[in-house]
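Working notes for the structure below.
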Amino acid sequence: EAVTEIALTLETAGVRNINVTANDFGDKGAEVISKALTSNTSVTLLDLSCNGIGKDGSLFLSTCLEQNNCLESLDLTSNKLGVKGSEYLAKGLIPNKKLRSLNLTATLLKDTFWISFTLKRNSSLCHLDLSDNNIGDLGARHLRSGLKKNKNLCCLELNRCGIQWKGAKSLTEGLKANDTLDRLSLSSNNIGSLGASFIAHAIAENINLKSLDISKTNIKNSGSIYITKALRHNTNLCDLNIGWNSTYGSESIDVLANAIEETSSLTALCVQGNKIESVGAARIFRALTSNKSITHLDIMCSEIGESGAVYISNALRSNSKLSRLSLGGNRMGPSGTYLLRRAFNFSKSLRSIDILDKNYRLNES
């Protein structure tokens, strides 16, 4: 009954967005919806998350994608497509000229051969999310060949995909040959410091990448140093997340601070969850006083404490660019909160400052 209603909705002229998550209608529902979509000329966004769609449902959707000339975004998160289902979808995407965003998060993919096959031939896809699929280094290697040939993909998300250093190496090789991908997310993959060194080498070569998320990738001190040193040679990267990676030592703090002083492209930096402490915070915020590009800094959960708040509040009076600052989980207490509130009032650029501790919260904006 629910699927029938959805099909009728799809036949209604003018409907653009369809969200039918968590209906568990399985392959039969996918068949009904796919047939209704084949001739639809208005729906541009379709969310089919959590519906128990398997490989047979993927075949129906593939046929739909071959013929539909309107759909721009398809979300299949948490369905049971598997490798065979991804093959069916891939073949449907090759002739498709309209779909721009495809979300295959947690769809039981264990390989990306067919996805890569599609990337070499599809001319419309801009955003691809394969997160929460255990594709591993082999999957990353297959994606490398797709990235080398693809001329359209702008954003690739591979969070929690079981990728290690060999996979990171493969992806960077693909990136070096790609002129369009500008956003890459590898959060929660165990690439380690060796994987970080390959990514750093690509950054230093000034690849097109503008946003990079390598948080929770176990890159440790040495990996952080590789990445931040590479920033000196890059004029494209705008957004960098290296949070939750290591216990920062004095050397890595100095390298990070030097990079902050010298970068002219970076606008957003996240280093949260690293043991920066008060002395490290002092060095970073001193560097920020001479930086002219960073507008958003996330340094939450970095053990800065009340003494670190003193350094930060003094530095904020001199910074003329920072507009958003996240400091939650740093145990700055009432005195630190007071100092930061005063600094916020004096700042000419700061528009939002957030402190979230056990007992204190300041959110001025």
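The values are calculated or read from the model by the stated rules, or taken from the named source; none is laboratory data. If you're wondering where the values come from, they're calculated on a predicted model, not measured in any experiment. Here Cβ is always computed from backbone atoms with ideal geometry, including for glycine, and neighbour counts include all displayed protein chains. Note: areas computed on protein heavy atoms with side chains; ligands, DNA, RNA excluded. Shrake-Rupley method; radii C 1.70, N 1.55, O 1.52, S 1.80 Å.
Its Kirkwood hydrodynamic radius, worked out from the mean inverse distance over all distinct Cα pairs, puts the chain at 22.0 Å. FRET efficiency for the pair residue 121 and residue 44, taken as 1/(1 + (r/R0)^6) with r the Cβ-Cβ distance and R0 = 22 Å, rounds to 0.45.
Computed from point charges on the beta carbon alone (+1 for Lys and Arg, -1 for Asp and Glu), the dipole magnitude for segment 281-357 about its Cα centre is near 440 Debye.
Spacing of the modelled spin labels on residue 275 and residue 73, each 7 Å from Cα toward Cβ, amounts to 4.2 nm. Against the main long axis of the alpha-carbon atoms of the chain, helix 277-288 sits at an angle near 80°.
Of the residues 344, 39, 139, the one whose Cα sits farthest towards the positive end of the charge dipole of the chain is 344 (charges of +1 on Lys and Arg Cβ, -1 on Asp and Glu Cβ, taken about the Cα centre). The value of relative contact order for segment 147-188, using C-alpha pairs under 8 Å at least six residues apart, is 65 percent.
Summing charges over all other residues whose Cβ lies under 12 Å from the Cβ of residue 169, with Lys and Arg as +1 and Asp and Glu as -1, gives +2.
Gain on full extension, evaluated as 0.36 nm per residue between residue 251 and residue 149 minus their Cα-Cα distance, stands at 32.8 nm. Just the protein heavy atoms count here, and of the accessible area of the chain at 1.4 Å, carbon and sulfur take up 48 percent. In sequence order, segment 293-310 has phi-based couplings of 10, 6, 10, 10, 10, 10, 10, 5, 6, 10, 6, 6, x, 5, 5, x, 4, 4 Hz under the Karplus curve 6.51 cos²θ - 1.76 cosθ + 1.60, θ = phi - 60°, and Gly or Pro positions carry x.
Dipole magnitude for the chain: about 940 debye, using +1 per Lys or Arg Cβ and -1 per Asp or Glu Cβ, origin at the Cα centre. The residues of the chain expose, per residue, 42 Å² of accessible area to a 1.4 Å probe.
Of the residues 19, 59, 326, the one whose Cα sits farthest toward the positive end of the charge dipole of the chain, with +1 on the Cβ of Lys and Arg and -1 on the Cβ of Asp and Glu, is 326. Using the Cβ-Cβ distance between residue 35 and residue 208 with R0 set to 41 Å, the FRET efficiency from 1/(1 + (r/R0)^6) comes to roughly 0.55. Measuring r between the beta carbons of residue 261 and residue 345 and using R0 = 25 Å, the FRET efficiency lands at 0.40.
Between residue 354 and residue 98, the contour length at 0.36 nm per residue exceeds the Cα-Cα span by 88.1 nm. Here the relative contact order of the chain, from alpha carbon pairs under 8 Å that lie six or more residues apart, stands at 7 percent. Dividing the Cα radius of gyration of segment 179-273 by 2.2 N^0.38 Å, with N the residue count, gives 0.95. For the chain, the longest principal axis of the C-alpha atoms and the axis of helix 82-93 are separated by about 80°. Ligands, DNA and RNA aside, residue 352 has an accessible area near 30 Å² when probed at 1.4 Å.
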